[in-house]
Amino acid sequence: MHLRGGMVAMMGCALLAVFMLLRWGGVFDDRKVVVGVLNHAIVAEEALEGFKAGLASHGYVEGGQATYYYRGPLGGSVLESEAERLAALKPDLFLTLSTPAAKAAFRVAKAAGIPLIFAPASDPIAIGLAESLGRPGRNATGVTFGIQEPVRLQWLKTMLPGLTAVLVPFNPDDPSPQASLEKIRPVADGLGIRLDLAYVRSGAELDAALAAMAPDVGAVFVPVDAYVASQVPRILVATLGRNVPLTTPQRGGVVEGAFMSYGLDMRSLGAQGARLAAQVLGGVPAGDLPVETAEFRLTINVETMERLGISLPDQILRQADLIRARRGGDGS
């Protein structure tokens, strides 16, 4: 009887020891964390939703273990002041959505010693966020992209063999579309496609660029540009009215009605950022975590394709996610 009681006591002590080790290791970490969020455009809010869901799966549930300080999408002129405000609140982590937000927050986060997760940022080495992708080394890490833009243009030419001219509206103050253009220019030359570039900093400038579209433009190509990508409904009014296909850098644009994309699923991208954030919150220095590359997928809006009178072979359709409703619904 005493032997049995002793064994039970020993097992109880062993389980308690395991529990404490797991707790100290962060598995049962019940501490509360604060995330300061800086965003430049409404299109990136899908990434925030994916981030919150991803971080919740690691035990940091919003309203419980996690609190988010977020004022919504902000113009470029106020990003730095908002970064200063967030830093004064002493968050455990900065989350930036879009390249302008990452650039604005980086200096502030570094000075305050607050780790930064960008989800996404284009070319983080070129803009000073990282020393290398394998080991960023600057108190920041996150998710980037890049190779998908030339591939998207190649897909567009494959689907529209007669394509000879493309309108590219972009914000010249954002380094992301500038980086995209550097990558697609040589591809466009090789495919025999003229790129008509249009500076767009406002809705009025966007409307003017669309109204002045050359008669031989066969598609509108939205680059990786947080502002312009947020204007898909506005762009669709002009492009569908003129029977011109629209391609966007993110799957959400196709859900809204664009013809096709080979690019980002913003929710998945946010979840990638959350995996990195969970490691940082667990004690791993952000600068030691390799920058991840976003996952890309080919997406086609079937309803828009049919409305534009485009016919695609089955071998292309089988490779794509097919969106069957213009707004809010999809399926394969």
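The values are calculated or read from the model by the stated rules, or taken from the named source; none is laboratory data. The model shown is predicted, which means the values in this text are computed figures rather than measured ones. Quick reminder, even Gly has a Cβ in these numbers, built from the backbone with ideal geometry, and neighbours come from all protein chains shown. What goes into the accessible areas is simple: the full protein's heavy atoms, side chains included, and nothing from ligands, DNA or RNA. Shrake-Rupley method; radii C 1.70, N 1.55, O 1.52, S 1.80 Å.
Taking every pair of alpha-carbon atoms in the range 143-298, what share in percent sits in each 5 Å bin, from 0 to the bin with the longest distance?
Histogramming the range 143-298 at 5 Å steps yields 2, 9, 18, 21, 20, 13, 7, 5, 4, 2, 1, 0 percent.
Per-residue counts of other Cβ atoms within 10 Å, averaged by peptide: what ranking do you get for 73-83, 306-316, 121-131, highest first? Intermediate values should be presented prior to the final figure.
Values: 73-83: 16.8, 306-316: 11.2, 121-131: 19.9.
Highest to lowest by the protection proxy: 121-131, 73-83, 306-316.
Counting only heavy atoms of the protein chains, get the accessible area per residue of the chain (1.4 Å probe) and round it to a whole Å² value.
Per-residue value: 44 Å².
When the convex hull of the Cα atoms of the range 65-207 is projected onto a plane and the area is averaged over all directions, what value comes out in nm²?
10.7 nm²
Need one number: % antiparallel among DSSP beta bridges in the chain, to the nearest 5.
Percentage antiparallel, nearest 5: 15.
Counting pairwise Cα distances across the chain, what percent come out greater than 32 angstrom?
When all Cα pairs of the chain are counted, 36 percent exceed 32 Å.
Between 0 and 90 degrees, rounded to the nearest ten: what's the tilt of helix 266-281 against the longest Cα principal axis of the chain?
30 degrees
Nearest 500 deg cm²/dmol is fine: what mean residue ellipticity at 222 nm does the chain get from its DSSP H runs of n ≥ 4 alone, each adding -39,500 (n - 2.57), divided by its residue count?
Using -39500 (n - 2.57) per qualifying helix, the result is -13000 deg cm²/dmol.
I'd like the carbon and sulfur percentage of the solvent accessible area for the chain, probe radius 1.4 Å, heavy atoms only, ligands and nucleic acids excluded.
Answer for the chain is 56 percent, counting heavy atoms of protein chains only.
About its Cα centre, what dipole magnitude does the chain give when the only charges are +1 on Lys and Arg Cβ and -1 on Asp and Glu Cβ, stated in debye to the nearest 20?
So the magnitude is around 600 debye.
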